[in-house]
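*Asks:* Got a structure here, written out as structure tokens. Questions coming.
The values are calculated or read from the model by the stated rules, or taken from the named source; none is laboratory data. If you're wondering where the values come from, they're calculated on a predicted model, not measured in any experiment. Every residue, glycine as well, gets a Cβ built from its backbone with ideal geometry; the counts of neighbours run over all protein chains shown. Ligands, DNA and RNA are stripped out before the accessible areas are found, and what is left, the full protein with its side chains, is counted by its heavy atoms. Shrake-Rupley method; radii C 1.70, N 1.55, O 1.52, S 1.80 Å.
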Amino acid sequence: MSDTLVTAAARGLLSCHVCGLLSRGGHGGQTLHCPRCSTPLHVRKPDSVARSWAFLIAAYILYIPANVLPIMETSSLFGAQADTIMSGILYLWHSGSWDLALVVFIASIMVPLLKLIALTLLLFSVQRRSTWQPLQRAKLYRVVELVGRWSMLDIYVVAILAALVQIGALATINAGPGALAFGAVVVLTMFSAMEFDPRLIWDPLQ
Amino acid sequence: MSEMQQEPGLDDIPEAVPEPRKRFSLQLVWLIPIVAAIIGGILVVRTYLQKGPTITITFKTGDGLEAGKTKVKYKDVEVGLVKEVTIARDITHVIATVELKKEVTPYLVEDTKFWVVRPRISGGGITGLGTLMGGSYIGVDVGTSKQQQQEFTGLEVAPAVAMDAPGSRFQLHSADIGSLDIGSPVYFRRIQVGQVVSYELDKDGKGVTFKVFVAAPYDKYVRANTRFWNASGVDLTMDASGLKLDTQSLMSILIGGIAFQTLDESGEAPPISANTAFTLFATRDEAMKNRDTISQGFAMIFKESVRGLSPGATVDFRGVTVGEVSGIHVAHDARSKEVNMLVEMRIYPERLRSRVVGSVPDPNEYGAILNEMVAHGLRAQLMSGNLLTGQLIVALDFFPNAPKANVNWALSPPRFPTTPGSLVELQETLMRIVKKLEKLPLDEVAGDVRQTVQTLDATLKDAAKLVRRVDKDILPEIGMTLEEARKTLDEGRKTLSAAKQTLSADAPLQQDLRETLRELARTAQSLRVLTDYLERHPESLIRGKQEDTP
């Protein structure tokens with residue numbers, strides 16, 4: 001069946017991302033522009049795999065401080081406290097709100113990690129020109145892209161708390177260095193997913 | 001088929017505009033993971049560099065310790081946090097795992113102390129009130145040792161004085177703790193200069209060793225000859241010198257205290273190093289007693305009763321205490337079949353010769369000096385020390401008339417000559433008087449007295465007769481004479497009252513006299529008018545008085 005499919009790339013056709021105009025590509029070694037809106041055109045996203053890898057690796061690196069360093073620093077009359085994501089989850093779990101603990105665990109630890117793993121899997125498979133389960137991988141990619149922005153939940157909570165709870169000596173909440181790293185992880189994985197060209201999944205099938 | 005249909009459309013598709021490719025975009029994107037690695041690396045490395053050492057502290061109980069909450073504070077600055085509180089395997093104590101800040105690493109030495117700060121109320125004040133609000137925390141006192149350590153044993157009570165407070169520590173040995181406690185004040189001339197840091201029972205259980213802290217600059221007043229005494233509460237003593245009440249301050253009455261003073265002696269005693277051990281005396285008097293290096297025991301034989309004499313009674317020489325009674329026994333002399341009182345005393349010969357005057361004699365010379373003194377009449381005597389309490393003391397004095405005696409050095413302890421006490425002498429004198437009285441011829445005197453009494457009796461009878469005669473003969477006459485006299489007096493009184501009437505202001509005589517005098521005055525006035533007229537009108541004598549012209 002794949003043999004019968006004709007792709008735009010195979011015909012030397014390019015579609016503009018911005019104005020949607022279809023145009024015929026030149027032949028290698030040149031960056032092409034849309035004849036109508038002058039947007040750069042490309043058959044596949046340029047250096048998609050390499051860029052995706054770069055962002056992914058950066059995300060991997062920052063994932064460590066994001067989980068090790070305190071994400072929130074609370075200081076109140078009863079003393080100062082610095083919480084990492086994990087200590088917050090443990091606190092919630094021990095104080096009985098296991099449902100909340102579960103939500104935070106999934107949103108803040110599992111999802112970013114799964115995203116990282118999913119992207120790694122996709123990149124590896126694309127690089128090795130794997131023909132294994134292309135449809136599943138495409139679905140996986142869609143889930144990764146969809147779920148990306150929801151991981152910013154933690155950052156929102158910390159940002160709102162830090163802005164609201166500034167009652168001088170009584171209580172102060174500040175974002176810790178972990179929040180920065182965590183936010184960076186989320187953004188970097190989003191970039192990584194963005195840079196990844198899902199069409200590459202199907203290319204080996206040609 | 002499909003190719004054919006699509007063909008015409010393809011021709012209409014415009015050509016994309018080509019542009020030379022920029023090659024460096026590939027390299028630029030890899031800057032992102034590098035930057036991320038640098039940032040992440042810095043964050044992680046910085047955190048781990050800041051991470052301080054983890055130590056364990058064992059406490060008897062976990063009271064006030066909470067994992068993740070209880071803080072470690074040095075001088076009220078947070079330096080760590082309790083990470084974990086677990087029970088030791090032998091379940092006798094609690095182990096707290098504490099994560100400290102990096103800066104305190106060099107201070108984790110052998111004698112660094114940890115304790116849980118809780119609210120504590122003692123006689124000296126209230127401490128740790130802040131922990132009621134903020135929860136208890138672990139206090140630290142940094143030690144001075146160089147030996148690093150990671151495992152510590154927590155104190156149950158906070159040390160009274162911080163290790164770095166300027167001053168000196170001393171050890172005091174005492175028989176018992178008295179009313180002292182950790183934190184009890186130490187006074188020097190009634191100024192509070194320090195406090196009791198700790199105390200512990202000696203290993204042999206025979207005493208208590210205190211550690212006291214004396215703050216700078218007062219610690220320089222603690223010298224080799226400084227005496228410490230327990231200034232706790234009220235010190236009430238009764239001895240031969242009477243009743244004595246001694247207190248240090250109101251505070252020390254309530255919670256006890258220690259006072260010290262340096263003996264007043266010529267020449268400064270050398271200052272001493274910290275941690276020197278001193279004896280803690282029970283009272284000031286005991287502390288300030290001269291510590292005599294030489295002492296000589298003597299035994300004395302008294303023939304009189306020693307009721308009122310007790311071991312510890314002073315031996316005094318003309319008011320100066322030179323020793324004390326160390327024992328009282330009953331001695332039966334087998335030769336003379338007499339039972340005597342054997343009193344042992346301890347004399348400090350140094351006190352018989354002041355150090356202030358002249359050179360200090362050789363200790364061995366004191367025997368010779370004593371011998372000489374005894375040859376000149378030095379004797380021991382029992383004397384009443386206090387008439388009120390009836391206590392006795394041993395008094396040494398010179399009795400030049402005493403029979404010759406000397407110190408019998410052959411006996412052990414040497415025998416010191418005695419002389420009967422003043423009471424005994426008084427008794428003997430009384431006995432002599434009684435004996436003289438006995439010799440008087442009382443019978444003859446009694447006979448004479450009786451005769452005299454009989455004579456006296458006769459005389460008295462004569463006197464009674466005489467009195468009776470006087471009653472009978474002379475008294476009636478006297479009664480009549482008195483009657484006459486009374487009558488005469490009555491007459492006299494009447495005469496006097498008549499005279500009084502005549503002379504009184506409203507008597508008729510007086511009235512008449514006054515009238516007459518007034519008449520006389522009016523006459524004189526008329527006469528003066530007449531004379532005046534005549535003077536102005538002499539002619540009237542001839543022509544008569546002229547009528548007034550209107």
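A quick yes/no check of all residues on (1) small (Gly, Ala, Ser); (2) modelled with pLDDT of 80 or more; (3) under 15 Å from A:SER192 (Cβ atoms):
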| position | (1), (2), (3) |
| --- | --- |
| A:SER15 | yes, yes, no |
| A:VAL18 | no, yes, no |
| A:HIS27 | no, no, no |
| A:THR39 | no, yes, no |
| A:PRO46 | no, no, no |
| A:PHE55 | no, yes, yes |
| A:ALA59 | yes, yes, yes |
| A:ILE64 | no, yes, no |
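*Asks:* Within the set of pairs 6+ apart or on separate chains, which have a first residue in the stretch B:53-70 that is open to solvent by 20 Å² or more (accessible area, probe 1.4 Å), a second that is in a strand (DSSP E or B) and among the hydroxyl-bearing types (Ser, Thr, Tyr), and C-beta atoms under 6 Å apart?
*Replies:* B:THR56/B:THR97; B:THR58/B:THR153
*Asks:* Please state which one of A:ILE160, A:ILE173 is in contact with a helix residue (DSSP H, G or I) (Cβ under 7 Å, 6 or more places away or on another chain) and away from every other protein chain (no Cβ under 14 Å).
*Replies:* Being in contact with a helix residue (DSSP H, G or I) (Cβ under 7 Å, 6 or more places away or on another chain) and away from every other protein chain (no Cβ under 14 Å) holds for just one of A:ILE160, A:ILE173, which is A:ILE173.
*Asks:* For the structure I just gave you, tell me whether B:LYS113 is within 14 Å of another protein chain (Cβ to nearest Cβ) and among the basic types (Lys, Arg).
*Replies:* Spelling it out, it is not the case that B:LYS113 is within 14 Å of another protein chain (Cβ to nearest Cβ) and among the basic types (Lys, Arg).
*Asks:* Report, by residue number, each residue of the stretch B:57-76 that is within 43 Å of the chain's Cα centre (by Cα), charged (D, E, K, R) and under 19 Å from B:THR105 (Cα atoms).
*Replies:* Once the filter is applied, which keeps residues that are within 43 Å of the chain's Cα centre (by Cα), charged (D, E, K, R) and under 19 Å from B:THR105 (Cα atoms), the stretch B:57-76 yields B:LYS73, B:LYS75, B:ASP76.
*Asks:* Only residues that are of a type in the set (S, T, N, Q) and under 16 Å from A:GLY178 (Cα atoms): list them for the stretch B:25-54, please.
*Replies:* Of everything in the stretch B:25-54, those that are of a type in the set (S, T, N, Q) and under 16 Å from A:GLY178 (Cα atoms) turn out to be B:THR47, B:GLN50.
*Asks:* Going through B:LEU280, B:LEU245 one at a time, which residue ends up being assigned to a strand (DSSP E or B), closer than 28 Å to B:GLY312 by Cα, among the aliphatic types (A, V, I, L, M) and at pLDDT below 75? I'd like the intermediate steps shown before the answer.
*Replies:* Details: B:LEU280 fails: at pLDDT below 75.
Going through B:LEU280, B:LEU245 in turn, just one is assigned to a strand (DSSP E or B), closer than 28 Å to B:GLY312 by Cα, among the aliphatic types (A, V, I, L, M) and at pLDDT below 75: B:LEU245.
*Asks:* Moving on. So, in the stretch A:122-134, exactly how many residues are open to solvent by 80 Å² or more (accessible area, probe 1.4 Å) and either at pLDDT 90 or above or among the charged types (D, E, K, R) (or both)?
*Replies:* Summing the residues that are open to solvent by 80 Å² or more (accessible area, probe 1.4 Å) and either at pLDDT 90 or above or among the charged types (D, E, K, R) (or both) in the stretch A:122-134 gives 3.
*Asks:* Within the stretch B:183-192, can one find any residue that is modelled with pLDDT under 85, surrounded by fewer than 18 Cβ atoms within 10 Å (Cβ to Cβ) and in contact with a strand residue (DSSP E or B) (Cβ under 6 Å, 6 or more places away or on another chain)?
*Replies:* Within the stretch B:183-192, none of the residues are modelled with pLDDT under 85, surrounded by fewer than 18 Cβ atoms within 10 Å (Cβ to Cβ) and in contact with a strand residue (DSSP E or B) (Cβ under 6 Å, 6 or more places away or on another chain).
*Asks:* Based on this model, can you work out whether B:PHE298 counts as within 14 Å of B:PHE416 (Cβ to Cβ) and either open to solvent by less than 30 Å² (accessible area, probe 1.4 Å) or over 30 Å from the mean Cα position of the chain (by Cα) (or both)?
*Replies:* On the way: within 14 Å of B:PHE416 (Cβ to Cβ): yes; either open to solvent by less than 30 Å² (accessible area, probe 1.4 Å) or over 30 Å from the mean Cα position of the chain (by Cα) (or both): yes.
When the stated conditions are applied, B:PHE298 passes them.
*Asks:* While we're looking at this one, here's another question. Determine which single condition A:SER23 fails, assuming it passes every other condition in (1) open to solvent by less than 70 Å² (accessible area, probe 1.4 Å); (2) within 7 Å of chain B (Cβ to nearest Cβ); (3) modelled with pLDDT of 85 or more.
*Replies:* (3)
*Asks:* Could I ask something else about it? So, of the residues in the stretch B:144-167 that are out of contact with any Leu (no Cβ under 9 Å at 6 or more places or on another chain) and either open to solvent by less than 20 Å² (accessible area, probe 1.4 Å) or at positive phi (or both), which turns out to be modelled with the lowest pLDDT?
*Replies:* Residues of the stretch B:144-167 out of contact with any Leu (no Cβ under 9 Å at 6 or more places or on another chain): B:144-147, B:151, B:153-167.
Still in the running and either open to solvent by less than 20 Å² (accessible area, probe 1.4 Å) or at positive phi (or both): B:154, B:161, B:167.
Details: B:GLY154: 86, B:VAL161: 72, B:GLY167: 83.
Within the stretch B:144-167, the match that is modelled with the lowest pLDDT is B:VAL161.
*Asks:* Also, I was wondering about something else. Of everything in the stretch B:73-93, what is open to solvent by 20 Å² or more (accessible area, probe 1.4 Å), under 11 Å from B:THR56 (Cβ atoms) and of a type in the set (A, V, I, L, M, F, W, C)? Give them in sequence order.
*Replies:* Matches in the stretch B:73-93: B:VAL85 only.
*Asks:* Are any of the residues in the stretch B:411-430 closer than 30 Å to B:SER295 by Cα and more than 42 Å from the chain's Cα centre (by Cα)?
*Replies:* Of the residues in the stretch B:411-430, the ones closer than 30 Å to B:SER295 by Cα are B:411-424.
Checking the rest, the ones that are also more than 42 Å from the chain's Cα centre (by Cα) come to B:411-412.
For the stretch B:411-430, residues closer than 30 Å to B:SER295 by Cα and more than 42 Å from the chain's Cα centre (by Cα): present.
*Asks:* Within the stretch B:342-352, identify whether any single residue is closer than 18 Å to B:THR321 by Cα, at pLDDT below 75 and open to solvent by 30 Å² or more (accessible area, probe 1.4 Å), and answer yes or no.
*Replies:* Yes, the conditions are met somewhere in the stretch B:342-352.
*Asks:* Please name all residue pairs, on different chains or six or more residues apart, with Cβ atoms under 8 Å, provided the first residue is in the stretch A:99-119 and is among the aromatic types (Phe, Trp, Tyr) and the second residue is in a helix (DSSP H, G or I) and buried (at least 18 other Cβ atoms within 10 Å of the Cβ).
*Replies:* Partner pairs satisfying both residue conditions: A:PHE105/A:ILE89.
*Asks:* Here is a further query. Working only within the stretch A:44-89, note down all residues that are open to solvent by 20 Å² or more (accessible area, probe 1.4 Å), more than 10 Å from chain B (Cβ to nearest Cβ) and outside any strand (DSSP E or B).
*Replies:* A:ARG44, A:LYS45, A:VAL49, A:ASN67, A:THR84, A:MET86, A:GLY88 - these are the residues of the stretch A:44-89 that are open to solvent by 20 Å² or more (accessible area, probe 1.4 Å), more than 10 Å from chain B (Cβ to nearest Cβ) and outside any strand (DSSP E or B).
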